[in-house]
1. Restrict the search to region 330-388; then list the trypsin sites (Lys or Arg not before Pro) that DSSP places in a loop and that have at most 13 other Cβ atoms within 10 Å of their Cβ.
2. Would you mind computing, in nm to one decimal, how far apart the modelled labels at PHE279 and ASP119 are, each placed 7 Å from Cα along Cα→Cβ?
3. Counting pairs of alpha carbon atoms under 8 Å apart in space and at least six apart in sequence, what relative contact order in percent does region 122-248 give?
4. Compare ASP373, ASP294 by solvent-accessible area with a 1.4 Å probe and give them largest first, with all protein chains kept in place.
5. DSSP loop chymotrypsin sites (Phe, Trp or Tyr not before Pro) in region 27-79 with at most 15 other Cβ atoms within 10 Å of their Cβ, which ones?
6. Roughly what angle does helix 372-387 make with the longest principal axis of the chain, taking Cα atoms, 0 to 90 degrees, to the nearest 10?
7. Positive end of the dipole of region 56-202, charges at C-beta (+1 Lys, Arg; -1 Asp, Glu), about the Cα centre: which of GLN190, ASN168, ILE128 has its Cα farthest in that direction?
8. Mind putting a number on the dipole of region 264-353 about its Cα centre? Charges go on the C-beta only, +1 for Lys and Arg and -1 for Asp and Glu, and I need it in Debye to the nearest 20.
Amino acid sequence: MSTIDKFNNHVMQSYGRYPLVMEQGKNRRCKDENGKEYIDFGSGIGTNSLGYCDDKWADAVCAQVKTLQHSSNYYYTAVQADFAEKLCETAGYENVFFGNSGAEANECAIKLARKYSFDKYGKGRHNIITLVNSFHGRTIATLSATGQDVFHNYFFPFLEGFINAEANNIDDLKAKLDDTVCAVMIEYIQGEGGVNVLDKDYVDALYKLCEEKDVLVIADEVQTGVGRTGKFLAGDNFGKKANITTLAKGIAGGIPMGACLADKKCSGVFTAGTHGSTFGGNPIACAGGLAVLDRVNSDGFLDEVCKKAEYIKSKLEKCSEVAGMSGIGLMIGITLKSKDAHDIAQKALDNGLLVLTAKEKVRLLPPLTITYDELDEGLNILIKVMEG
Ligand SMILES: *Cc1c(COP(=O)(O)O)cnc(C)c1O
């Protein structure tokens, strides 16, 4: 039986998958079961930030696998301490809680914000404002937080306590920010929502409003964090630091990990027994995370991310099918003039290039380590497919 048949017989069919069986990868290229090679402009949806099986990352992960693969969070491990220290230093936060996914990091942020408010103001100040077109995850709480009606189906009842406001509309936020609200949760760049960047003026006004009312800002940087935008956090592009920032996707280079970072205000909110996760802060994931941080923090690395982004945009601008581009750094949304994004993604795949889509756009999240030669090769395929 073929892998695809076996898979579909036994794995729940909750995804629309491309008929591609991925077998192996090295750096920015991967191969399917027939030996066909692909350049990856999607990084497995932003997870493989250093590409496939990067040598130093793989060495660090393998060494950890052979030393201590897991322990209980009732004990300490040096590798979790090392990673937490370096992550907090790099991101500019006080402390961190580790989980295993973006949704779990956001669950942590929601709990943290509500408990911060409960501890200080008591009951009734539990609402969290999220933005229309946001995406925060697939658990019931994070689906409830997600500001897209298409996600609010089947799984009723969804949770109370989330209010949607229109992105880039400060009057709408002002009207909804009453004394039942403990936090506003944003993506600086809505990823799944279509690579939509928030306006700088809106972000400034949002922070000012929240500061005045001691309402926390939660930045969901699950997709935008850890160097993706050419800064360590997307918030750095706006000169802003949220009270709580969540990370996942690329944080450990392709090993499951989520992180919820807290500033001074929120760092003491959780006490023993108030939150937990069996696998959170797993030593293998932390070793992978340390390898990612080493690279992202190395001299000139983030400047290169910015330069590569400019290079991509300068090439795509000349393509007759491109109507516009959005995003920051190596998170790029391409609006097409007449073609269908999913169709382009399928044709790119047929021609040996993996790209993503977001709503009606083609979305690129290439590995941060991609070379100019690989960019040329991939962009030539993409442009040929778009113009074809
Ligand atoms: C992917 C994503 C999530 C969900 O992450 P999972 O690891 O799939 O739970 C949440 N928020 C944003 C912004 C994302 O891009």
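The values are calculated or read from the model by the stated rules, or taken from the named source; none is laboratory data. This is a predicted model, so every value here is computed, not measured. Cβ sites come from the backbone with ideal geometry, for glycine too, and all protein chains shown count toward neighbours. Side chains are part of the model used for accessible areas, which takes the heavy atoms of the whole protein and leaves out ligands, DNA and RNA. Shrake-Rupley method; radii C 1.70, N 1.55, O 1.52, S 1.80 Å.
1. LYS337
2. Each label point lies 7 Å from its Cα, and together they span 2.9 nm.
3. Across region 122-248, relative contact order equals 23 percent.
4. ASP373, ASP294
5. TYR74, TYR75, TYR76
6. Approximately 80 degrees, to the nearest ten.
7. The residue sitting most towards the positive pole is ILE128.
8. I would put it at about 220 debye.
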